[in-house]
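Values in this text are rule-based calculations from the coordinates and carry no lab data. All of these numbers come straight from a predicted model, not from anything done at the bench. All Cβ positions, even for glycine, are placed from backbone atoms using ideal geometry, and neighbour counts span all protein chains on display.
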């Protein structure tokens, strides 16, 4: 009785060993895994890069404005009535001087202003800030709101 090939399959010889041959295909699975992890990291951190002053903005059905090449100046009124230019707290009496310095640093064209005001604030307080912005010579002022999908 001859027990030539008891294990089944193909015989083990020189030609039967193909596992040590180099692979010609590129394995993209680790690349895809890394890219998906990076995508998730960027999606989570992107909302955290906005301005640091928390404000409950009012809702609006207006469409978004086109963003210009120049960085807008952020002016924020929070719920406590504190005034911020960028991330710096500014007193209301010091606002005209700060705005004139911004207008002078802008050169021939003043930078756009983005006014963010908490919805709980008095309308008159927001209008006083708008009046100071107008008096300083800023003509491009945007009121920042959150979008509301009213279904209209």
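Among 144, 37, the order by Cβ neighbours within 10 angstrom, fewest to most, reads 37, 144.
Of all DSSP bridge pairs formed entirely within the stretch 59-147, close to 40 percent run antiparallel.
Per-residue Cβ neighbour counts within 10 Å put 80, 59 in the sequence 80, 59, beginning with the fewest.
Packing-based ranking of 96-103, 121-128 yields 96-103, 121-128, ordered from highest to lowest mean Cβ neighbour count within 10 Å. Would you compute the Debye intensity of the stretch 59-147 from its alpha-carbon atoms alone, equal scatterers and no solvent, and pass along log10 I(q)/I(0) at q = 0.10, 0.11, 0.18 Å⁻¹ to two decimals? The Debye formula, applied to the Cα set alone, gives -0.24, -0.29, -0.80.
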